[in-house]
Amino acid sequence: MTWTLAQRAHKMNPSVIREILKVTEKPGIISFAGGLPSPKTFPVEAFAAACEAVLRTDGRAALQYASSEGLPALREWIAGQLPWEVSPDQVLITTGSQQGLDLVAKVLIDEGSPVLVETPTYLGALQAFTPMEPRIVGVQSDAEGVDVEDLQRQSGGARFLYVLPNFQNPTGRSMSEARRQALVEAARAIGLPIVEDNPYGDLWFDQPPPLPLTARNPEGCIYLGSFSKVLAPGLRLGYVVAPKAIMPKLLQAKQAADLHSPSFNQRMVAEVLKDGFLERHVPTIRALYKRQCEAMLQALATEMTGLDLQWNAPDGGMFLWVRLPQGMSAIDLLPRAVDKGVAFVPGAAFFASDPDPRSLRLSFVTASEEQIRIGIRALAEAIRENL
């Protein structure tokens, strides 16, 4: 039997990160590679109680098919938490925020459509957009976020700009207040929609990030959120908040994809959230991640002396960004690092074009502080040997 693949299937690529995670399953490897939340933060007892309560009070409905829009109580909770006026009718529950990216791609992208992204950007977004065969354009970016002047130069005909303003994956950077306002004003002036992805916004260390882009121009933005980083990724629950004009098509794409996100999971999350649980729980995540980030920054300062490395100090989230010495390649360094017992993600996969071979992403949230110190020391040894 000969199977003839669709042209779009040839454009699908495996996740570099998930391929690297296979390597990190070897015994003894300290992994800074995965973008996985720390399992220490998963509220197992709260979900055990919620599971019992949902099955006892509403078990048959929880195990039945449900509406594609999502559980009304959960949509109402989400709408009430956002810092701008949102109707629950504008909230669509998705199977993880990754599905939100897929739905946006299906509804807004045609073959050859220009789509703008930050430089670098989230690999999962590139994977979601690519099968729709757009022309993905990387917009110049710096420590404050998107370069607005370069955005204006490249925006002609673009369907949307995709951006992660808070503790971005992969760099960990956050967009400044001034840059947010300038970006929204420029996008409004040229009629450019924005897709704002915010899975990490609650994971700030000392102070919350500035107001979301969508709050500044709700009719010009689609907003993506997730429960994966504040509750548990295994639930596969996220959400899209969209203008009423675009919501019907997103809903139709959702219906075609999977009918609805797991009803039982939605009811469990609604049960957990109903008494202000996140207000008590999320600060414990912030405190843990802040300690681990500080441990990694201290280890880098101690172990990388004299190696001409550059790295940032994020204000929240799960990642930081490193640039190797001139002439080095993170892809070439990775197998040497694995031989030393440590893994990371080379940064090249996060670029729409013109990748930086010297860049790499480190995640600090799943390793203990001791493992961080050992892993960064091993990484420094690998870099010195490579030099």
Item checked: Local electrostatic count, Gly201, Cβ distance below 12 Å [Lys/Arg +1, Asp/Glu -1] -> -2
Check: How big is D, in µm² s⁻¹, for segment 109-213 by Stokes-Einstein at 4 °C and 1.567 mPa s if Rh is the Kirkwood radius over C-alpha pairs?
Finding: 93
Checklist line | For peptides 257-263, 115-121, 93-99, sequence by mean Cβ density within 10 Å, most packed first | finding: 115-121, 93-99, 257-263
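Quickly rank 274-285, 135-146 as a protection proxy: mean count of other C-beta atoms within 10 Å, highest first.
135-146, 274-285
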Notebook entry, point to check: Looking only at segment 347-387, which residues have a backbone nitrogen under 19 Å from a spot 7 Å from the Cα of Asp339 in the C-beta direction?
Noted result: 375-387
Notebook entry, point to check: Which value, in debye to the nearest 20, describes the size of the charge dipole of the chain about its Cα centre when Lys and Arg Cβ atoms bear +1, Asp and Glu Cβ atoms bear -1, and nothing else is charged?
Noted result: 620
Item checked: Radius 11 Å from Cβ of Gly59, net charge of other residues (Lys, Arg +1; Asp, Glu -1) -> +1
Next item on the list: Could you order peptides 371-379, 53-61 by the average number of other Cβ atoms within 10 Å of their residues, highest first?
Entry: 371-379, 53-61
Check: Is the shape of segment 166-313 best called rounded, prolate or oblate, per the rule: a/c under 1.5 gives rounded, else a/b larger than b/c gives prolate, else oblate, with a ≥ b ≥ c the square roots of the Cα gyration tensor eigenvalues?
Finding: oblate
Checklist line | With DNA, RNA and ligands ignored, accessible area of Lys26 (1.4 Å probe; Å², nearest 10) | finding: 110
Checklist line | Local net charge near Glu185, Cβ-Cβ under 12 Å (Lys/Arg +1, Asp/Glu -1) | finding: +4
Note to self: Could you compute how fast segment 335-385 diffuses translationally, taking Rh as the Kirkwood radius over C-alpha pairs and applying Stokes-Einstein at 4 °C with viscosity 1.567 mPa s? Give it in µm² per second.
What the structure shows: 109
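Determine the shape class of segment 1-129: with a ≥ b ≥ c the square roots of the Cα gyration tensor eigenvalues, call it rounded for a/c under 1.5, and otherwise prolate if a/b is greater than b/c, oblate otherwise.
Oblate.
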Notebook entry, point to check: For the chain, with the dipole built from +1 on Lys and Arg beta-carbon atoms and -1 on Asp and Glu ones, taken about the Cα centre, which of Pro262, Phe351, Leu151 lies farthest toward the positive end?
Noted result: Pro262
Margin query: Quick check of the Kirkwood formula: for the chain, what is the inverse mean of 1/r over all pairs of different Cα atoms, in Å?
Written below: 21.8
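By how many nm would the segment from Gln81 to Asp110 grow when fully extended, if each residue of separation counts as 0.36 nm and the alpha-carbon distance is taken off?
The span from Gln81 to Asp110 would gain 7.1 nm if fully extended.
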Next item on the list: Report the semi-axes of the equivalent ellipsoid for segment 46-187 in whole Å, largest first, where each axis is √(5λ) for an eigenvalue λ of the Cα gyration tensor.
Entry: 35, 19, 14
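The values are calculated or read from the model by the stated rules, or taken from the named source; none is laboratory data. Because the structure is a prediction, the values reported are computed rather than measured. Cβ sites come from the backbone with ideal geometry, for glycine too, and all protein chains shown count toward neighbours. All accessible areas refer to the heavy atoms of the entire protein, side chains included, with ligands and DNA or RNA removed. Shrake-Rupley method; radii C 1.70, N 1.55, O 1.52, S 1.80 Å.
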